[in-house]
Amino acid sequence: MATPPHPHPGKHIQTGQRRSSRSKRRMSRSVSYVTGSQLLSLKRRPNIAVVDVRDDERSYDGHIPGSLHYASDTFSEKIPNLVQSVAGKDTLVFHCALSQVRGPKCAQRLADYLAELKQDMGIKNILVLERGYNGWEASGRPVCRCTDIPCKGDSA
């Protein structure tokens, strides 16, 4: 999967067709980008979850209020936990520092996992935050520096 170096709103990560272990062909879901302004509006809805896949940076750089943390280096093995923790949410927005590698990769891993299950588990939209946490913070949007797990920051 190629990740765009400079994501744009509405741009999709296309994965095309992949072979499963049984050589059956399936179509994987695509993952779209969302701008910081769009996320700020979306966060007002109760059915959205923000998933921060940065590793150590979260502890010293801060994070988007109310976001969940699933470090990219262990993300694949924790996907079932993530799916359980977002029960009732239909939109997940992934991000890392810049949303150029880890964020899109983890979002696509979730999409592939759901395709493998052949059910969406209620998750209808998988998005990636354009410009990542760094862009979010640089734009003056709300950040939280708490150490609570999970972050209990407000959703605004």
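The values are calculated or read from the model by the stated rules, or taken from the named source; none is laboratory data. If you're wondering where the values come from, they're calculated on a predicted model, not measured in any experiment. All Cβ positions, glycine included, derive from the backbone under ideal geometry; neighbour counts span all protein chains shown.
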Total residues in segment 119-153, condition in contact (Cβ under 8 Å) with a residue 60 or more places away in the chain and among the acidic types (Asp, Glu):
2
Do the conditions hold for Glu116, that is, is it touching a residue at least 40 places away in the same chain (Cβ under 8 Å) and either surrounded by fewer than 17 Cβ atoms within 10 Å (Cβ to Cβ) or under 19 Å from Val31 (Cβ atoms) (or both)?
yes
Six or more apart or on different chains, Cβ under 9 Å: which pairs go from a residue in segment 30-48 that's closer than 13 Å to Gly66 by Cα and basic (Lys, Arg) to one that's in a strand (DSSP E or B) and modelled with pLDDT of 95 or more? Could you list them?
Lys43/Val50; Lys43/Val93; Arg45/Thr91
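Out of curiosity, is Arg54 buried (at least 17 other Cβ atoms within 10 Å of the Cβ) and touching an Asp or Glu at 6+ places or on another chain (Cβ under 9 Å)?
yes
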All positions within segment 126-140 that are touching a strand residue (DSSP E or B) at 6+ places or on another chain (Cβ under 8 Å) and either surrounded by fewer than 17 Cβ atoms within 10 Å (Cβ to Cβ) or closer than 12 Å to Val50 by Cα (or both)
Ile126, Leu127, Val128, Leu129, Gly132, Tyr133
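For segment 1-120, please list each of the helices (runs of 4 or more DSSP H) lying entirely inside it that holds at least 3 residues being at pLDDT below 85 and closer than 24 Å to Asn134 by Cβ.
Result: 57-61.
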Looking only at segment 38-89, which residues are closer than 25 Å to Asp112 by Cα and among the hydroxyl-bearing types (Ser, Thr, Tyr)?
Ser67, Tyr70, Ser72, Thr74, Ser76, Ser85
Those residues that are under 15 Å from Thr91 (Cβ atoms), surrounded by fewer than 19 Cβ atoms within 10 Å (Cβ to Cβ) and not basic (Lys, Arg), I need them from segment 36-51; list them, please.
Gln38, Leu40, Ser41, Leu42, Pro46, Asn47
